[in-house]
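See structure below.
The values are calculated or read from the model by the stated rules, or taken from the named source; none is laboratory data. Note that this is a predicted model, so its numbers are computed, not measured. Every residue, glycine as well, gets a Cβ built from its backbone with ideal geometry; the counts of neighbours run over all protein chains shown.
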């Protein structure tokens, strides 16, 4: 969607006043009232994707409390699921940092050669980012957005 020029449409409401995130939230909520509807997991995944791709981002680049209130709070099931998901992703990063960043707990004198390569001043954390990407651990702006989302939904 974003790659095809729809970046500006991620927050644009349709003629009924609903944004793509609000539609996805409604789809997830409706799936619980209709046992034959099999779209709940896909709708929640869509909510996650939209939330991290700018559907809740304000003009300052951070997640907007007002957009969270309008988009997610009317859908308590979605808000609760997104809060748990965001908290889990943030926790995964904390575990990853503890495993890959031994200097945080062991001190620099006991860091292995691999640790020095991954965390050394010339590497810029390149190896750490490769391992994080491979294992699906969030970092950078994505991690910031997840922390903000968890905080706004707490």
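Among the residues of the stretch 76-87, none is identified as closer than 14 Å to residue 52 by Cβ and free of Cβ contacts under 8 Å to residues at least 24 places away in the same chain. Out of 86, 66, 92, 55, which single residue is surrounded by 13 or more Cβ atoms within 10 Å (Cβ to Cβ), at pLDDT 90 or above and within 20 Å of residue 11 (Cα to Cα)? Being surrounded by 13 or more Cβ atoms within 10 Å (Cβ to Cβ), at pLDDT 90 or above and within 20 Å of residue 11 (Cα to Cα) holds for just one of 86, 66, 92, 55, which is 55. Of all residues in the stretch 69-83 being in a helix (DSSP H, G or I) and within 15 Å of the chain's Cα centre (by Cα), which is surrounded by the fewest Cβ atoms within 10 Å (Cβ to Cβ)? Checked the stretch 69-83; the qualifying residue surrounded by the fewest Cβ atoms within 10 Å (Cβ to Cβ) is 80. Which one of 27, 17 is surrounded by 12 or more Cβ atoms within 10 Å (Cβ to Cβ), more than 22 Å from residue 141 (Cβ to Cβ) and either modelled with pLDDT of 85 or more or more than 15 Å from the chain's Cα centre (by Cα) (or both)? From the options 27, 17, the qualifying one is 27.
Taking the residues in the stretch 95-110 that are assigned to a loop (DSSP other than H, G, I, E, B) and surrounded by 12 or more Cβ atoms within 10 Å (Cβ to Cβ) as candidates, determine which candidate is modelled with the highest pLDDT. If we take residues in the stretch 95-110 being assigned to a loop (DSSP other than H, G, I, E, B) and surrounded by 12 or more Cβ atoms within 10 Å (Cβ to Cβ), then 101 is modelled with the highest pLDDT.
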